[in-house]
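Structure, as structure tokens:
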Amino acid sequence: MPGFGLTMGLTLSWLSIIILIPLAGLLLKSLELSPEQFWNILSSRRTLNALRVSFGLAFAAACVNLVMGSIIVWALVRYRFPGRRLFDAIVDVPFALPTAVAGVALTALFAEKGWLGAPLAAAGIKVAFTPLGIFVAMIFIGIPFVVRTVQPVLQDLDPEIEEAAGSLGASRWQTIIRVILPSLGPALLTGLALAFARAVGEYGSVIFIAGNLPNVSEIAPLLIVIRLSEFRYADATAIAVVMLVVSFVIIFAVNRLQRWARSRIPAR
Amino acid sequence: MTMQIADSVSLSAPDAKVRAHAAAARNSLRTEPRAVRIVIIALAMTFLSVFVVLPLVVVFAQAFSKGILAYLAALTDPEALSAIKLTLVVAAISVGLNLVFGLVAAWAIAKFEFRGKTFLITLIDLPFSVSPVISGLVFVLLFGAQGYFGSWLRDHDIQILFAVPGIALATTFVTFPFVARALIPLMQEQGTQEEEAAISLGASGLQTFFRVTLPNIKWGVLYGVLLCNARAMGEFGAVSVVSGHIRGETNTMPLLVEILYNEYQFVAAFAIASLLAMLALITLIAKTVLEHHLDEGHDASDH
């Protein structure tokens, strides 16, 4: 086979120009900061609150996605009902819909006069322009991750283990908790991690509905943008590095998890 | 498969009855009571309707809330037209670049064995896990006035940030993995036999690629380009950081949605948003069709 040297060379050069050099620039910039400066930026009240809002709400939203995603996968894979294929396709909408469009749409929907915002406001629940709004937007963008990672695993699950559990006297509930859930475990965790990673870094679909009140409903990516517009590049860089490190740790963990899940399959 | 059919043909009637009974019993071990099924389906459909269907419907409802004339007027506004044009130009540049890169990278990764392959794929995947805002920030740090190349660019009068090159770069960054990721598994699955045959028959490397490899992966290429394009046209965070928001010059469609929305021009904002929503819907439909083609190719190679 010809072309290894050429294609590999081009791949590495292009990868370096577009991805590696820009990311290295960010890390280099952060090294210009003394550890003390770095710490002062990160421990400022506004930064800490922004990180807390982003990470905390992203985790809560990912947990909702884990539960609702599992229910959706179960319905799509195990049951036949009218509109199943349509709902299956709809799951991908948050992937495909530009984030700014999702942002303005969710805001219009959950604003006090919106279709869902009005009844919720009557019940005393304010969604748009509060942290709850951020939570809603993060749930929206996380939906496909859990569904699309768990769906193929549930589809490929060997029916015989369930039948064996059932015919050996396990109740349906016991079979689900002790037989099916452990087999889906790695896929569920992967979906959770991917939904979390996406929600932490999310910008477009969140900023319209968030209200963006410093210390209350200001997400970390927005704080980066604000610091940039104030020409406080050091602050922007420090926050970005923290977020970048966390997302690298997450990909690393997901890769490990996937490898571990694959190594389990032959044993069954 | 054929054995099963032969089996059931040779069955006598009572046997078939016993079998059907056994199958029903087996199925009952694998499903839930009717009430539970209905609750689960209802939960899933309600959740998807509230969080996905309603936001989509709202976009179109708001866009047409002042009638079709207001909608059309919003779309033919000079600012809207220039945003549409810029979005198309930027998408063409970044999809083109990533298409070439994706083909080259997939060839190197799928057709050869080498150490560090998983690591290389992880690097290609990086943009998927980087916040869009950070994807924009890295280019500000490189090319901004205080950036590493800032003063050099100013001396040579080259404008990257707050201009088309910066927007195209940031978009290329965020859409980097799409084509490569669509092609690598497909080309790995197809192996190298056909290419080796062509080369042993005297074809050159490029001839082999265009006559043998490309026809085999055409649906995969389309699939990657489709997803890459959807993301390129819809990218907001990264582009927002590098664009500078110069009206009529560096506003892409998603950026214009933001500006109009913040100016309370809701019909105009949602009119532009409706175009992007239609792009998303068309992308999803085309994706479903392409997945069908890719599955067929998969089945064909199995037999």
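A few comments on the model shown:
- Rolling a 1.4 Å probe over the protein heavy atoms gives chain B an accessible area of 49 Å² per residue.
- Remark: accessible surface ordering of B:LYS117, B:LYS85 (largest first) is B:LYS85, B:LYS117, probe radius 1.4 Å.
- Carbon and sulfur %, accessible surface of the protein assembly as shown computed with the full protein complex present, 1.4 Å: 67 percent
- GNM top mover of A:ALA253, A:ALA62, A:ALA220 - chain A, alpha-carbon springs below 10 Å: A:ALA253
- A simple count of charges around A:PRO144, restricted to other residues whose Cβ falls under 14 Å of its Cβ and scoring Lys, Arg +1 and Asp, Glu -1, yields +1.
- In order through the stretch B:242-256: 3J(HN,Hα) via Karplus (6.51 cos²θ - 1.76 cosθ + 1.60), integer Hz, x for Gly, Pro: 9, 7, x, 6, 7, 4, x, 10, 10, 9, 7, 4, x, 5, 5
- With q set to 0.16, 0.21 Å⁻¹, the log10 of I(q)/I(0) for the stretch B:36-156, from the Debye formula over equal scatterers at the Cα positions, is -1.10, -1.17.
- For the stretch A:1-93: rounded, prolate or oblate by the Cα gyration tensor [a/c cutoff 1.5]: oblate
- Chain pair B, A: total accessible area buried, heavy atoms, 1.4 Å probe, Å²: 7600 Å²
- Relative to the dominant Cα principal axis of chain B, helix B:164-174 is inclined by about 30°.
- Convex hull volume per residue in cubic angstrom - Cα atoms of chain B: 238 Å³
- Scanning chain A for long hydrophobic helices, with DSSP H runs required to stretch 20 angstrom or more by C-alpha along their axis and to average at least -1.0 on the Kyte-Doolittle scale, returns A:45-78, A:131-156, A:181-201, A:233-264.
- For the stretch B:157-264, trypsin sites (Lys or Arg not before Pro) are listed when DSSP marks them as loop and at most 14 other Cβ atoms sit within 10 Å of their Cβ; the list is B:ARG247.
- Each of the peptides A:150-161, B:248-259 was scored by the mean count of other Cβ atoms within 10 Å over its residues; in descending order, highest first, they stand as B:248-259, A:150-161.
- Hull-based mean projected area of the stretch B:222-261, where the convex hull spans the alpha carbons, in square nanometres: 3.1 nm²
- For A:GLY191, the shell of other residues with beta-carbons less than 13 Å away shows a net charge of +2, using +1 for Lys and Arg and -1 for Asp and Glu.
- Secondary-structure-derived ellipticity at 222 nm for the protein assembly as shown, considering helices only, amounts to -25000 deg cm²/dmol, per-run term -39500 (n - 2.57) for DSSP H runs with n ≥ 4.
- Hz values of 3J(HN,Hα) by residue in the stretch B:282-287 - Karplus curve (6.51, -1.76, 1.60), Gly and Pro given as x: 4, 4, 5, 5, 4, 4
- Sequence-separation-based contact order of chain B, relative, with Cα cut under 8 Å and 6+ spacing, percent: 27 percent
- Inter-chain neighbour count for A:84-94: the average number of beta-carbon atoms from partner chains within 10 Å of each residue's beta-carbon is 5.
- Over the protein assembly as shown, the hull volume per residue, using the convex hull of the C-alpha atoms, is 196 Å³.
- Trypsin sites (Lys or Arg not before Pro) within the stretch A:16-125, DSSP loop, no more than 13 other Cβ atoms inside 10 Å: A:ARG80, A:LYS113
- For the stretch B:89-231, the relative contact order works out to 37 percent when only alpha carbon pairs closer than 8 Å and six or more residues apart are counted.
- Overall form of chain A: oblate. Here a/c, set by the Cα gyration tensor axes a ≥ b ≥ c, is 1.5 or more, and a/b is not larger than b/c.
- Taking every residue in B:250-259 and counting other chain Cβ atoms within 10 Å of its Cβ, the average works out to 3.
- Net charge dipole size for chain A [Lys, Arg +1 and Asp, Glu -1 on Cβ; Debye, nearest 20]: 280 debye
- Most fluctuating residue given options B:GLU189, B:GLU32, B:GLU263, as computed from a GNM of chain B linking Cα atoms under 10 Å: B:GLU32
- From phi via Karplus (6.51, -1.76, 1.60), per-residue ³J(HN,Hα) for the stretch B:209-224 in Hz, x at Gly/Pro: 4, 6, 8, 10, 5, 4, x, 6, 10, 4, 5, x, 4, 4, 4, x
- Distance between the stretch B:130-160 and the stretch A:53-128 - C-alpha centres, whole angstrom: 36 Å
- For the stretch B:161-303, convex hull of alpha carbons as volume per residue, Å³: 118 Å³
- Listed residues A:LEU188, A:LEU97, A:LEU223, most fluctuating in chain A (Gaussian network, C-alpha, under 10 Å): A:LEU97
- Per residue of peptide B:233-241, the mean number of Cβ atoms on other chains within 10 Å of the residue Cβ is 6.
- Between the stretch A:216-268 and the stretch A:150-177, the Cα center-to-center distance that results, in Å: 35 Å
The values are calculated or read from the model by the stated rules, or taken from the named source; none is laboratory data. These numbers come from a predicted model, not from an experiment. Quick reminder, even Gly has a Cβ in these numbers, built from the backbone with ideal geometry, and neighbours come from all protein chains shown. Side chains included, ligands, DNA and RNA excluded: accessible areas come from the protein's heavy atoms. Shrake-Rupley method; radii C 1.70, N 1.55, O 1.52, S 1.80 Å.
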